[in-house]
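Here's the structure, in structure tokens; my notes come after.
The values are calculated or read from the model by the stated rules, or taken from the named source; none is laboratory data. Note that the structure is a prediction, hence the values are computed from the model and not measured. Here the Cβ positions follow ideal geometry from the backbone for every residue, glycine too, while neighbour counts run over all protein chains shown. For accessibility, only protein heavy atoms count, side chains too; no ligands or nucleic acids. Shrake-Rupley method; radii C 1.70, N 1.55, O 1.52, S 1.80 Å.
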Amino acid sequence: IDLVFDILEGDPVRVDSVLFERPDGSPFILGAPRDAQLRDQITLKTGERNSLTEQGRSHELLLSWLKNRGFAFAVIDDSVSLDTQAHTARLHYHFSEGPVAFVDSLLVEGNTRVNEEIITREIPLKPGQRFSQRRLSDGQRELFSLGLFRTVLTDVPDQTADTTVTVRIRLREGRPRLVSYVAGYGRQDGVSLQSDWTHRNFLGKAHTVTAGGIA
């Protein structure tokens with residue numbers, strides 16, 4: 001069986017305009033300099049072909065822009081108005097930024113062997129500081145790089161949207177001790193065996209201690 005697909009693409013739908021609005025339809029205004037910075041996050045520009053992929057990317061970039069500037073409870077909804085006759089699309093981004101929030105506390109869950117002070121030390125976001133999603137993500141990577149945890153998740157749990165925010169750090173610890181063996185053979189030395197013992201949370205201070213021997 002031969003299958004033949006006849007495809008008529010037609011004219012592409014291009015972006016006619018991009019609107020920033022609040023849920024009630026009023027314009028979303030942050031101030032002239034910030035408005036320009038916010039619009040720079042849009043990957044779909046006027047005149048370009050409309051793309052669902054780029055719409056989603058722009059949505060994430062806009063949300064990150066707000067959360068990196070303290071709007072921990074920001075919500076963005078987007079929609080598209082299509083003009084099938086003119087082959088144009090009008091993008092609507094509906095903003096509900098909420099208040100600028102400052103960190104109230106760090107909630108640590110899942111740690112049993114690693115001290116909480118060690119965990120909060122790696123988070124570059126302290127109580128009293130303005131919330132930043134970027135800094136919270138940096139802390140997540142720093143914790144994972146310690147080699148003490150199998151899973152590290154950071155987020156903002158459900159709470160009342162006000163000027164303070166509680167940040168949650170959820171962890172799943174790995175085994176702190178690791179034993180490895182390596183065997184080999186050489187013409188001069190013959191059979192050799194090397195063994196290493198590593199403790200990645202020595203004295204509960206997140207210090208790594210390694211001892212080894214060769215026979």
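Points worth noting:
- Filter result for V103 (among the aliphatic types (A, V, I, L, M) and either open to solvent by less than 40 Å² (accessible area, probe 1.4 Å) or touching a helix residue (DSSP H, G or I) at 6+ places or on another chain (Cβ under 7 Å) (or both)): yes
- Hits in the range 137-147 - residues which are open to solvent by 10 Å² or more (accessible area, probe 1.4 Å) and in contact (Cβ under 8 Å) with a residue 12 or more places away in the chain: S137, D138, Q140, E142, L146, G147
- Taken over the range 98-147, the criterion of being over 13 Å from R168 (Cα atoms) and among the hydrophobic types (A, V, I, L, M, F, W, C) is satisfied by V100, A101, F102, V114, I118, L143, F144, L146.
- Search result, residues across the range 127-141 that are under 17 Å from P157 (Cβ atoms) and in contact with a Phe, Trp or Tyr (Cβ under 7 Å, 6 or more places away or on another chain): F131
- Any hit, the range 107-130, residues being assigned to a strand (DSSP E or B), free of Cβ contacts under 8 Å to residues at least 60 places away in the same chain and surrounded by 16 or more Cβ atoms within 10 Å (Cβ to Cβ): no
- D35 surrounded by fewer than 16 Cβ atoms within 10 Å (Cβ to Cβ) and either in a loop (DSSP other than H, G, I, E, B) or touching a Ser or Thr at 6+ places or on another chain (Cβ under 9 Å) (or both): no
- Pair list, Cβ < 9 Å and 6+ apart or interchain, from the range 181-194 residues that are open to solvent by 100 Å² or more (accessible area, probe 1.4 Å) to residues that are modelled with pLDDT under 85 and acidic (D, E): Y181/D196
- I29 being among the hydrophobic types (A, V, I, L, M, F, W, C) and open to solvent by 60 Å² or more (accessible area, probe 1.4 Å): yes
- In the range 39-74, residue farthest from the chain's Cα centre (by Cα) [restricted to those that are part of a loop (DSSP other than H, G, I, E, B) and more than 18 Å from E97 (Cα to Cα)]: G47
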